[in-house]
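Each remark here refers to the structure printed beneath this line.
The values are calculated or read from the model by the stated rules, or taken from the named source; none is laboratory data. Quantities reported herein were computed from a predicted structural model and do not represent experimental measurements. When we count neighbours, we look across all protein chains shown, and the Cβ atoms used for this are built from the backbone with ideal geometry, even at glycine.
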């Protein structure tokens with residue numbers, strides 16, 4: 001059998017990866033009962049949040065950059081292959097309905113494209129130029145942030161995207177679960193989540209995937225909070241695109257203001273079905289135009305808008 005240089009290099013690289021090593025805690029797992037297997041998996045899974053907690057300072061630094069770029073009109077790109085790519089696409093896809101963001105604001109890119117979301121596209125992650133090309137197609141530039149997500153840190157598709165993004169002046173972040181991840185070489189910011197060996201050696205959809213999902217959730221959730229899309233702990237900038245979300249929006253108005261259901265429904269409709277606007281209208285007794293003006297002048301943040309209005313001496317009015 002002929003082994004190519006690239007294959008030999010990959011073999012050497014895999015030997016060094018923590019996620020590819022056998023885990024002593026799950027040795028002999030194939031001989032265990034169902035409940036014993038589950039307890040082994042659960043015990044290992046509990047290590048993941050602890051590993052994420054240890055890198056919160058690194059995650060925080062990335063979030064501050066993401067928020068800054070968003071305010072300047074920039075975008076956030078997740079780039080990954082396999083499980084990592086799917087997690088990026090998932091997190092990006094949830095932002096518009098949850099926080100009312102434009103579809104282009106947070107984008108998930110997976111090696112192999114749409115087909116790879118539902119089935120493995122073998123070899124898609126091995127072509128570095130494909131990662132370069134997708135950055136060109138998306139017009140990635142100096143206002144954007146690109147996060148390369150890869151458990152092993154080796155995927156050429158991701159590395160190609162990171163190299164191109166960096167060359168275009170974008171801020172580049174590497175998220176990986178291996179200390180010697182190659183993606184770290186091309187990143188302005190590194191997030192290394194040390195989850196240790198997987199329960200099943202090399203099955204990075206498990207602990208590594210869980211860690212990646214936690215980190216991505218933290219990045220977008222915290223960024224949206226800082227952009228004023230959350231009031232107290234309520235997601236007040238959601239898009240009411242179906243009956244469930246319309247009902248949720250009205251309920252949010254009630255919770256945020258303490259008004260009754262009829263008042264919440266009336267102001268929700270009067271606001272043009274904009275939950276944030278309706279909340280400000282109810283809290284301050286102002287019309288839609290004034291509520292929108294207050295939000296615009298205060299970075300879209302309800303708390304700041306209310307404080308600014310009250311500092312003006314007009315006080316709170318009853319709906």
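So the values come out like this:
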quantity: Qualifying residue in the stretch 166-181 (condition: farther than 22 Å from residue 139 by Cβ, assigned by TED's automatic domain parsing to the domain that holds residue 88 and surrounded by fewer than 18 Cβ atoms within 10 Å (Cβ to Cβ)); calculated: yes
quantity: Answer residue from the stretch 220-238, given it is part of a loop (DSSP other than H, G, I, E, B) and out of contact with any strand residue (DSSP E or B) (no Cβ under 9 Å at 6 or more places or on another chain) and is nearest to residue 300 (Cα to Cα) among those; calculated: 228
quantity: Matching residues, the stretch 55-96, being under 22 Å from residue 238 (Cβ atoms) and in contact with a strand residue (DSSP E or B) (Cβ under 6 Å, 6 or more places away or on another chain); calculated: 66, 76, 78, 88, 89, 92, 95
quantity: All positions within the stretch 249-278 that are part of a loop (DSSP other than H, G, I, E, B) and over 13 Å from residue 236 (Cβ atoms); calculated: 258, 259, 260, 272
quantity: Meets criteria (assigned by TED's automatic domain parsing to the domain that holds residue 73, outside any loop (DSSP other than H, G, I, E, B) and at pLDDT 95 or above) for residue 107; calculated: yes
quantity: Checking residue 225 against (1) closer than 21 Å to residue 105 by Cα; (2) touching a residue at least 12 places away in the same chain (Cβ under 8 Å), the condition it does not meet; calculated: (2)
quantity: Any hit, the stretch 102-114, residues being over 30 Å from residue 277 (Cβ atoms), touching a strand residue (DSSP E or B) at 6+ places or on another chain (Cβ under 9 Å) and surrounded by fewer than 24 Cβ atoms within 10 Å (Cβ to Cβ); calculated: no
quantity: Some residue of the stretch 300-313 being in contact with a helix residue (DSSP H, G or I) (Cβ under 9 Å, 6 or more places away or on another chain), more than 30 Å from residue 74 (Cα to Cα), touching a residue at least 60 places away in the same chain (Cβ under 8 Å) and in a helix (DSSP H, G or I); calculated: no
quantity: Unique residue being farther than 21 Å from residue 91 by Cβ, in contact with a helix residue (DSSP H, G or I) (Cβ under 9 Å, 6 or more places away or on another chain) and modelled with pLDDT of 95 or more when the list is 215, 286; calculated: 286
quantity: So residue 256, is it outside the structural domain of residue 81 (by TED's automatic domain parsing) and surrounded by 20 or more Cβ atoms within 10 Å (Cβ to Cβ); calculated: yes
quantity: Some residue of the stretch 239-252 being touching a residue at least 12 places away in the same chain (Cβ under 8 Å), in contact with a strand residue (DSSP E or B) (Cβ under 7 Å, 6 or more places away or on another chain) and closer than 28 Å to residue 219 by Cα; calculated: yes
quantity: Single residue of the stretch 273-294 satisfying the filter (within 21 Å of residue 71 (Cβ to Cβ) and touching a residue at least 24 places away in the same chain (Cβ under 8 Å)) that is surrounded by the most Cβ atoms within 10 Å (Cβ to Cβ); calculated: 280
